[in-house]
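Here's the structure, in structure tokens; my notes come after.
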Amino acid sequence: MKHKEVAQRVINAVGADNIQAAAHCATRLRLVLKDDKAINQKALDQDPDVKGTFETDGQYQIIIGPGDVDKVYAEMIKLTGLKEATTDDLKKVAGNKKTNPLTSLFKLLSDIFIPLIPALVAGGLLMALNNVLTAEHLFMAKSIVEQWPGLAGFAEMVNAMASAPFAFLPILIGFSATKRFGGNPYLGATLGMIMVLPSLVNGYSVAVAMATHKMLYWNVFGLKIAQAGYQGQVLPVLGVSYILAKLETFLHKHLHGAIDFTFTPMISVIVTGFLTFTIIGPVLRTVGDGLTNSLVWLYSTTGWVGMGIFGLFYSAIVITGLHQMFPAIETQLLANVAKTGGSFIFPVAAMANVTQGGATAAIFFTTKDKKQKALASSASLSALLGITEPAIFGVNLKLKFPFVCAAIASGIGSAFLGLFHVLSVSMGPAGIIGFISIAAKSMVAFMICIVIGFIASFILTFAYAKYKLPASSEDEDVEPDVTHADAVITTPVSGTPEAISKVNDKVFSAEIMGKGIAIVPDSGQVVAPFDGTVAVSYPTHHAYGLRADDGAELLIHIGIDTVDLQGKYFTGNVSQGDQVKAGQLLGTFDVDAIKKAGYDPTVMVVVTNTKQYADVEPIMGAHVGTGDGILALTDPEGSSAVATTL
């Protein structure tokens, strides 16, 4: 790579005068721009040395790759005269940019609800299991528990477990929201507990209690305050959490020492609690109920037409990030299934994911580009299971027409969902196995609609690709220039392996840097996975680029966005150019400290020269220790490289 030329092309594409600040991490340039619309995106997409681009948190990121990004950055600084900056500096500059208020709101909701999804999915899937056990005419005329009465107690137990996350939803939201607003999350959880006290009138019965004049009241200096609970409510808890966090922050600034420690929590809780039952709760309950009723009305009124339009645009919504607000809406719908009937969002999300997978599968069968075919094979399966980043960002958006074909098919399939009145009664995996989250009576209809969407997506993309898709520049009859033998790369850290498509970083999850695996570490030691050379060693010690003696090139990236820590909690034992032996200590990192600082410590292990192999296959297991096989490299003849078992 000619780094100066790459830097100049990047500058030409984004505009020299358009760059406010620039920094870099282990794999990408990070820029804060004055005007994102001034970018020549086509030039960057066609640049052979640019592996991809995306925008997040006010930063425009250009993926160059380890070992090259720092050199391109250095040339960019020389050519533009910009001052060198750290990623922390960049965040401050990006924070000063004017952002779309709507986008900021969606990100706020995402920050609050994304951490809650595992608990809601667990409760949702348990609810789905209970539906399977108790639904009549699903497998037979009678329900499973009627056919086998011995399972009745188990079904009741499952139902109790399933109800818990939704019955005590305000506690979960109170913890997460107060933390996001800058307050003590445990005080937020306390307010959530207050809102669902058993002694209050249950939140689901408040409307009936009001209508029948059976509501209980506190008499406070002549003021009648309803003893209303907030089970299943979302907006009131968000409002309460915001007030609590701001009040607590205010008190911390004005009270000091033992007085602050003793009285700030009490004052925060009693003041916010009073406001909860007098003003914030009643007002936001009304707003929340109005939002829910509006969504139910919209679905009931527009029916299959509205579902079709929603499905048509769902994937486009995903790539803008606006879908991050959906958990808040869906939670409100699912919290009161008896009234709403369920959620129309989940079935459409599943349809959109499956159709993106169908389009990617069509590319697998039509492309003659071996690299594209290899990515499409894994990305299509991933999308069918509900993880679409590799399919959308790695294949479909690059070619454009598969994305459009998938969107059209999603609109068609979602219209059928509307015709069959398919709704979900819980959260779950938004893919082909999403039927477990659908109301029992609609499971078969859901699967029929999913098949319709997949077939439509596959046929549309396949037919268009036949004359649209460019032929590969490679000759299919000529073996690629590969000199590597089969090999097994061992894990550099001990921990739990997981698919790299699951990590919360598009660069790695979409396999833009290459195929690999993610490891959730349980220790803080990083060792060399093979004999070779340290090609790149970053001053922050959060990433290492290694080159094996047999030619494999590996990136070990510790954590997500941990470059922002500026080396804190990391130590390095090697330098660029050092020769290393398998098992040699490269460095250490403090897993717990990284977590406490708010960062994900997941380690990404990526073969950056993936295209020089016929296949790079993760070797999955329950747990791996340093020295265990983690990635199998297969030569072009197709023989398996798996010579090690876990």
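Of all the residues that make up the stretch 164-190, how many are of a type in the set (Gly, Ala, Ser), within 13 Å of Thr249 (Cα to Cα) and surrounded by fewer than 23 Cβ atoms within 10 Å (Cβ to Cβ)?
So the count comes out to 1.
Condition first: touching a residue at least 40 places away in the same chain (Cβ under 8 Å), assigned to a loop (DSSP other than H, G, I, E, B) and in contact with a helix residue (DSSP H, G or I) (Cβ under 9 Å, 6 or more places away or on another chain). Can you find one or more residues in the stretch 526-537 that meet it? Steps first, answer last, please.
Keep residues of the stretch 526-537 that are touching a residue at least 40 places away in the same chain (Cβ under 8 Å), which gives 526-537.
Still in the running and assigned to a loop (DSSP other than H, G, I, E, B): 528-531.
Among the residues that remain, those that are also in contact with a helix residue (DSSP H, G or I) (Cβ under 9 Å, 6 or more places away or on another chain) are: none.
So far as the stretch 526-537 goes, no, none of its residues is touching a residue at least 40 places away in the same chain (Cβ under 8 Å), assigned to a loop (DSSP other than H, G, I, E, B) and in contact with a helix residue (DSSP H, G or I) (Cβ under 9 Å, 6 or more places away or on another chain).
Taking interchain pairs and intrachain pairs at least six residues apart, which have beta carbon atoms under 6 angstrom, with the first residue in the stretch 384-399 and under 24 Å from Met447 (Cα atoms) and the second among the acidic types (Asp, Glu) and buried (at least 20 other Cβ atoms within 10 Å of the Cβ)?
Pro390/Glu511
Condition check ((1) part of a helix (DSSP H, G or I); (2) at pLDDT below 80; (3) under 21 Å from Pro236 (Cα atoms); (4) in contact with a helix residue (DSSP H, G or I) (Cβ under 8 Å, 6 or more places away or on another chain)) across all residues:
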residue: Ser110; (1), (2), (3), (4): yes, yes, yes, yes
residue: Ile114; (1), (2), (3), (4): yes, yes, yes, yes
residue: Gly124; (1), (2), (3), (4): yes, yes, no, yes
residue: Asn131; (1), (2), (3), (4): yes, yes, no, yes
residue: Glu146; (1), (2), (3), (4): yes, no, no, no
residue: Ala152; (1), (2), (3), (4): yes, no, no, yes
residue: Met161; (1), (2), (3), (4): yes, no, no, yes
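Just to verify a result, which residue in the stretch 487-511, among those that are farther than 21 Å from Phe589 by Cβ and touching a strand residue (DSSP E or B) at 6+ places or on another chain (Cβ under 6 Å), is modelled with the highest pLDDT? Lay out the reasoning, then the answer.
Initial filter on the stretch 487-511 (farther than 21 Å from Phe589 by Cβ): 487-488, 499, 501, 506, 509-511.
Pick out the ones that are also touching a strand residue (DSSP E or B) at 6+ places or on another chain (Cβ under 6 Å) and you get 487-488, 506.
On the way: Ala487: 71, Val488: 80, Lys506: 77.
By that ranking, first place goes to Val488.
Which condition breaks for Met620 when tested against (1) in contact (Cβ under 8 Å) with a residue 60 or more places away in the chain; (2) part of a loop (DSSP other than H, G, I, E, B); (3) closer than 21 Å to Asn504 by Cα; (4) in contact with a Ser or Thr (Cβ under 9 Å, 6 or more places away or on another chain)?
So the condition that Met620 fails would be (4).
Of the residues that sit in the stretch 178-192 and are touching a residue at least 24 places away in the same chain (Cβ under 8 Å) and touching a Gly at 6+ places or on another chain (Cβ under 8 Å), which one is farthest from Gln227 (Cα to Cα)? Give the steps one after another, and end with the answer.
Of all residues in the stretch 178-192, those touching a residue at least 24 places away in the same chain (Cβ under 8 Å) come to 178, 180-184, 187-188, 190-192.
In the following step, the residues that additionally are touching a Gly at 6+ places or on another chain (Cβ under 8 Å) were identified as 178, 188, 190-192.
Values: Thr178: 23, Gly188: 20, Thr190: 17, Leu191: 15, Gly192: 15 Å.
Of everything passing the filter in the stretch 178-192, Thr178 is farthest from Gln227 (Cα to Cα).
Would you say Pro402 is part of a helix (DSSP H, G or I), modelled with pLDDT of 90 or more and either crowded, with 18+ Cβ neighbours inside 10 Å or on the phi > 0 side of the Ramachandran plot (or both)?
Values: part of a helix (DSSP H, G or I): yes; modelled with pLDDT of 90 or more: yes; either crowded, with 18+ Cβ neighbours inside 10 Å or on the phi > 0 side of the Ramachandran plot (or both): yes.
Judged against the criteria, Pro402 is a match.
If you check every pair at least six apart or on different chains, which have Cβ atoms under 6 Å apart with a residue in the stretch 353-365 that is without any contact (Cβ under 8 Å) to a residue 12 or more places away in the chain and under 19 Å from Gly434 (Cα atoms) first and a residue that is surrounded by fewer than 24 Cβ atoms within 10 Å (Cβ to Cβ) and among the aliphatic types (A, V, I, L, M) second?
none
Quick check on Ala552: is it under 27 Å from Ala23 (Cβ atoms) and either surrounded by 21 or more Cβ atoms within 10 Å (Cβ to Cβ) or at pLDDT 90 or above (or both)? Show your work before the answer.
On the way: under 27 Å from Ala23 (Cβ atoms): no; either surrounded by 21 or more Cβ atoms within 10 Å (Cβ to Cβ) or at pLDDT 90 or above (or both): yes.
In short, no.
When Lys179 is evaluated against the numbered criteria (1) under 17 Å from Pro265 (Cα atoms); (2) in a loop (DSSP other than H, G, I, E, B); (3) among the basic types (Lys, Arg), which criterion, by number, is the only one it fails?
Of everything listed in (1) under 17 Å from Pro265 (Cα atoms); (2) in a loop (DSSP other than H, G, I, E, B); (3) among the basic types (Lys, Arg), Lys179 misses just condition (2).
Looking for something in a loop (DSSP other than H, G, I, E, B) and in contact (Cβ under 8 Å) with a residue 40 or more places away in the chain - is there at least one such residue anywhere in the stretch 10-26? Even if it seems obvious, please write down each step before you answer.
Taking the stretch 10-26 and keeping what is in a loop (DSSP other than H, G, I, E, B), we get 15, 25-26.
From the residues that got through so far, the ones that are in contact (Cβ under 8 Å) with a residue 40 or more places away in the chain too are 25-26.
Scanning the stretch 10-26, I find at least one residue that is in a loop (DSSP other than H, G, I, E, B) and in contact (Cβ under 8 Å) with a residue 40 or more places away in the chain, so the answer is yes.
Could we say that Gly203 is of a type outside the set (A, V, I, L, M, F, W, C) and surrounded by 19 or more Cβ atoms within 10 Å (Cβ to Cβ) here? Don't jump to the end; show me each part of the working.
Values: of a type outside the set (A, V, I, L, M, F, W, C): yes; surrounded by 19 or more Cβ atoms within 10 Å (Cβ to Cβ): yes.
In short, yes.
Name the single residue that is surrounded by the most Cβ atoms within 10 Å (Cβ to Cβ) among those in the stretch 65-84 being assigned to a loop (DSSP other than H, G, I, E, B) and among the acidic types (Asp, Glu).
Filtering the stretch 65-84 for residues assigned to a loop (DSSP other than H, G, I, E, B) gives 65-68, 81-84.
Checking the rest, the ones that are also among the acidic types (Asp, Glu) come to 68, 84.
Numbers: Asp68: 17, Glu84: 12.
Checking each candidate, the answer is Asp68.
Does Ala593 meet the test of being modelled with pLDDT under 90 and over 19 Å from His24 (Cβ atoms)? Even if it seems obvious, please write down each step before you answer.
Numbers: modelled with pLDDT under 90: no; over 19 Å from His24 (Cβ atoms): yes.
No.
Return the total of residues in the stretch 30-48 being under 27 Å from the mean Cα position of the chain (by Cα) and more than 23 Å from Lys83 (Cβ to Cβ).
5
The values are calculated or read from the model by the stated rules, or taken from the named source; none is laboratory data. Predicted, not measured: the structure shown is a model, and the values here were computed from it. Neighbour counts are summed over all protein chains in view; Cβ atoms, including those assigned to glycine, are modelled from backbone coordinates with ideal geometry.
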